[in-house]
Every structure is written in C-alpha cells, then in structure tokens.
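The values are calculated or read from the model by the stated rules, or taken from the named source; none is laboratory data. This is a predicted model, so every value here is computed, not measured. All Cβ positions, glycine included, derive from the backbone under ideal geometry; neighbour counts span all protein chains shown.
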Amino acid sequence: MPQGRTRGRVGRVAAAVGAVLVAAACTNAAQEPAGQEQGTLAWTDCGDGFQCSTLEVPRDWAAPDGAKISLALVKLPAPGERKGTVFVNWGGPGASGTSSIRGDGKAIADATGGTLDVVTWDPRGLGQSTPITCPEGNTRYFEADPGTPDGLRAMAAAAQERLAACQARYGDYLGLLGTSQGVQDLEAIRVATGEPVLNFLGHSYGTRVGATYAAMYPGTVGNMVLDGSMSQLGTIRDTAYGMVEAGEAALDVWFDRCAAKPDCAFGPDPAAGFDTLVAKVRAEQPLVPGTDGARLTGGLLYQALLAGVVDYRGSQELAEQAVGQYLRDDDPSALHAVGLAIAGQRPDGTFTNGPEIFQFVNCSDWTDRPDLTQVAADVAVAGAYAPRFGPFALTYALTNFAACPQQSAGLPVPNGPVAGKVLVLANTYDAETPLKNGQELMSLIPGSRLLVFQGLGHTAFYRSACMATAAGRLLTSGEQPAPGAVCAA
C-alpha cells in the first residue's frame, strides 16, 4: 500500500522547498448506474485549456435513491483528432485528480498522441468532491518518530483523534469512502461522459481502483494501464511487510547512486551518513530558523527521506540537497520544509484532506485490524531485517487501522477475462509498490501483460519515455508489449 501521499504530494515539493534551498459488490457484467443517462455532463472552461464539470451520485450506492454527493471533474480535451477518453486516477488514496491533471495531464496527452480526452476527478470525500475535513491530529501524527515506542503511541493517539473529529462531523459517511463505492462513482462518470467503455490509467492506489473496476465491470473494461500496483489479495500486514523489504532495497540503491557522486550529501559512506543523520535529528530535534519554535523531528525527517526513495520528478535531488544543508551547515530548514510538504501541509500551515482520505479509504478496503500491540511487535520484526527504513514503512501502513470507524468486507478480486486489454507497469526498485505486486496483478487478469522498468522509483509512467510510449500504445490501440519486455533505466 502506498504511503497515501507521495504521488500526489512529492510533485509539490519543489515549489514548497525552492525558496528554502535558495535561502506523497462484484458483478460479472457491466451494470449501468441507476438513474444515470448517457452523455449528460456539461463542461465549462476553467482556465489554461481545461474544462470542469460536476456529477451527482448516490451518497451510498446501496441506497441509490437516497441522499446525493457531488463529484468534481476536470477534462483536458484532446488537442488532435479525438478518438475517445482516458480516465485517470493519480493514487493515494488521497491524491486530488483535479489538481494533478494540471501538472501531469499534458504528459498523458503527449503519450496518447493527442487523440484522447484526459478526464479525472476528485474521489468522494477528497478535495472538491463533498469533502471531509478533520485535520485534528495531523501535526502530532507526522511529527511522531515511527522508530520509537513513544512515537508509535503518539501516532496511534493522533489517528484516534482524527477519527473522533471526523465521526463527530460526518458520521457514517466515513464508511462510504472506500474503493467499492468509488468504483461505482467511476462507472457513473463513464456513463455520464457517454463513453462505451472505460479506458483507464491508474497510478499507485489507482491500480487498486482499476483492478476493482475490472472485478465489478469486466464487460466495460476498455484499454487499461495500471502503474505501480497494489496487492488485491494480501492482508494489510502482508502489504506492510512488502513495503518494508522494498523500502530498504530502494534505500540501498539510493546509497549506491549517491556514493557515485563526488559530493554525496550523506558523505563517502552513505549508509553511515544516513545513520548519523537520523541519530543527530533524534538527539537534537533542532529548531528551524525563521519559524515560531518549530522543530525538525524524527517523523518529519522520515517524510523528507521518503521523497528520496520514491525519486519522483527530482524529489531525490531535493532530498539530497536538504540532507546536505543540515549535515554541512547545521540548518534543518530544507528538511523540515520537504517533510511538511510530503505530509500534506500547505505553506499557510493548513493540511490537504489527504490524511483523512488515506485513513478511511484504507479502513473501508482492508479487512484486518492490527492493534497497537501487534503493530509494535511488527515494528520490532521489521527493524531487525530492515533497520533503516522498515519501522517507518510499517508504521505508516498500519497505525491508522487501530482507528477505523467500521469493519470491512474487503474488495472484489478480478478472476476472469475482461473485455479490453490490460498493461501492468512495475519497477524493479519501487519503495511502495514492489515488483511482485505487478506480477500478482498480471496473474489475476487473463491476457494482461507486465512491462518492467529496470530502475528506482515509485511508478514508471512519468520517469521513462519507454514506459510512457508503451502505455500510450495500449491506451490508444490496445497494442501490448511482448511478453517479458523491459525498459532500461
């Protein structure tokens, strides 16, 4: 399970840090959403070539005639000869589609030859789609040091604080934010756009959206690219341990990269430099100059280091600059700014509502409920074989599950053919969605193919022209790469 923030938030790190450095119900056939007519969306210009719309859907798809919620949509119209639409989910859970498309939509248009409208939305509860807003506990949650017993208790208490605040404001809506409800929203969006099938690009958690759609609506799957796969089969603890192993491996690759530079921020022995950095921050919790007493904590340090291992859009270089500034100049300002940006805090001090969505979507989707005692035991295990990144990866995957508003029935699993073509993209060193997840997903969908990027980072579409070209061919023509194909770093 991705850490819920990195695909959506790492893309904002450069802007947040730049000034500091200069100074994140299964069916076997398609079912048309009740009461939804084909092609009913009205689009209006919303600047920079984008068009916006809204769509009302049932608050609870089990009661389609009941209360409604509103979904916010954005479209980048095809600049060339239009041949259809690709629907995009940027991940998380907690990445806003209406924000992400403005930065990344053009890359999708380029990969598809300008022939597809690019359409995205803020999933229910997020951003502009009947959102939940309860930031209580966020600061304590992200500042807590995941590698210490006190930090683990603070994270669990912060998750409980968030739950209490959200329940008081939104009641049973929290239990209606999960992927199954969201996939029914997506099907309603497809119908409302008038598209006969769903061509889909899902990054990170977006692969879970795509896989669930394939299970619920196999007959209307068009051409589908699933980039950076989450597991559809394992428990949350299985997934957490996969992230522990993958995160430590990615960290070692980062060390190797850094060691090849004459001015490696961690020093000539990056692993030793990393250990020195963590120990120094834990011991000092240094004050951040120019703030009202803010400190760089162990938790915020690990948020910043996450930007390095996911290596998204220059985030590794930014993380290295921030590390170097602290180790060289004893100035924690850049690390603090990167950590806050990855955690989802805006420059004005407010948070996006990604942390809430991350907690309650995952609570809806996964059936297991590890308590604090179990998480503490798992941290000890993870720390024994992945001491540098393991406790961080595991705690951020598991601590919210001690504060869930309801039990979960889990998600449906694709178990048969789909109407269209499916391409799974995976990286050899992805700290959040390991290669084995992509292999699993390919095995679940007959006829799908796996394309592997031989490199570091979380998701592949935006880091490799080879991967983007293959994805574009699949989305526009259904052309799949040869079995066993790879893209070199």
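Taking helices (runs of 4 or more DSSP H) that do not extend beyond segment 200-286, which have at least 2 residues that are over 20 Å from PHE392 (Cβ atoms) and touching a strand residue (DSSP E or B) at 6+ places or on another chain (Cβ under 7 Å)?
In segment 200-286, the matching helices (runs of 4 or more DSSP H) lie at 205-216.
What number of residues in segment 154-199 are among the aromatic types (Phe, Trp, Tyr) and either touching a helix residue (DSSP H, G or I) at 6+ places or on another chain (Cβ under 7 Å) or not in a helix (DSSP H, G or I) (or both)?
So the count comes out to 0.
Is it true that VAL86 is of a type outside the set (Gly, Ala, Ser) and either assigned to a loop (DSSP other than H, G, I, E, B) or over 15 Å from ASP48 (Cβ atoms) (or both)?
For VAL86, the condition - of a type outside the set (Gly, Ala, Ser) and either assigned to a loop (DSSP other than H, G, I, E, B) or over 15 Å from ASP48 (Cβ atoms) (or both) - is met.
If I ask for residues that are farther than 29 Å from TYR241 by Cβ and among the small types (Gly, Ala, Ser), which ones from segment 430-470 would you list?
Of everything in segment 430-470, those that are farther than 29 Å from TYR241 by Cβ and among the small types (Gly, Ala, Ser) turn out to be GLY447, ALA465, ALA468, ALA470.
Please go through segment 256-277 and give me each residue that is surrounded by fewer than 19 Cβ atoms within 10 Å (Cβ to Cβ) and within 21 Å of GLY455 (Cα to Cα), ordered by number.
ASP256, ARG257, ALA259, ALA260, LYS261, CYS264, ALA271
Conditions first: (1) of a type outside the set (A, V, I, L, M); (2) farther than 30 Å from PRO149 by Cβ; (3) surrounded by fewer than 24 Cβ atoms within 10 Å (Cβ to Cβ). ASN437 passes all but one, so which condition is the exception?
(3)
Report those helices (runs of 4 or more DSSP H) wholly inside segment 333-431 carrying at least 1 residues which are under 19 Å from the mean Cα position of the chain (by Cα) and modelled with pLDDT of 95 or more.
The qualifying helices (runs of 4 or more DSSP H) are 333-343, 354-365, 390-398.
Considering only segment 110-124, how many residues are surrounded by fewer than 23 Cβ atoms within 10 Å (Cβ to Cβ) and assigned to a helix (DSSP H, G or I)?
Number of matching residues: 1.
Quick grid of which residues meet (1) more than 15 Å from VAL422 (Cα to Cα); (2) in a loop (DSSP other than H, G, I, E, B):
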site: GLY447; (1), (2): no, yes
site: PHE453; (1), (2): yes, no
site: MET467; (1), (2): no, no
site: ALA471; (1), (2): no, no
site: PRO481; (1), (2): no, yes
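Residues THR352, THR239: which one is surrounded by 16 or more Cβ atoms within 10 Å (Cβ to Cβ) and in contact with a Ser or Thr (Cβ under 6 Å, 6 or more places away or on another chain)?
Answer to the selection: THR239.
Pick out the one residue from SER129, SER100 that is part of a loop (DSSP other than H, G, I, E, B) and within 21 Å of the chain's Cα centre (by Cα). Let's see the steps before the verdict.
Values: SER100 fails: part of a loop (DSSP other than H, G, I, E, B).
The match here is SER129.
Please work out which one of (1) more than 21 Å from GLY206 (Cα to Cα); (2) of a type outside the set (Lys, Arg); (3) in a loop (DSSP other than H, G, I, E, B) is the condition THR139 fails and give its number.
It is condition (3) that THR139 fails.
Looking at SER477, SER448 in this structure, which one is surrounded by 20 or more Cβ atoms within 10 Å (Cβ to Cβ) and among the small types (Gly, Ala, Ser)? Before you say what the answer is, go through the steps one by one.
Numbers: SER477 fails: surrounded by 20 or more Cβ atoms within 10 Å (Cβ to Cβ).
So the residue among SER477, SER448 that is surrounded by 20 or more Cβ atoms within 10 Å (Cβ to Cβ) and among the small types (Gly, Ala, Ser) is SER448.
Only one of (1) in contact with a Gly (Cβ under 7 Å, 6 or more places away or on another chain); (2) surrounded by fewer than 24 Cβ atoms within 10 Å (Cβ to Cβ) fails for GLY219. Which number is that?
All conditions are met except number (1).
So ALA157 clears everything in (1) under 23 Å from PRO64 (Cα atoms); (2) surrounded by fewer than 23 Cβ atoms within 10 Å (Cβ to Cβ); (3) not hydroxyl-bearing (Ser, Thr, Tyr) except one condition, right? Which one?
Here ALA157 clears every test but (1).
From the list LEU71, LEU21, which one is aliphatic (A, V, I, L, M), modelled with pLDDT of 95 or more and either more than 30 Å from ALA470 (Cα to Cα) or part of a strand (DSSP E or B) (or both)?
Answer to the selection: LEU71.
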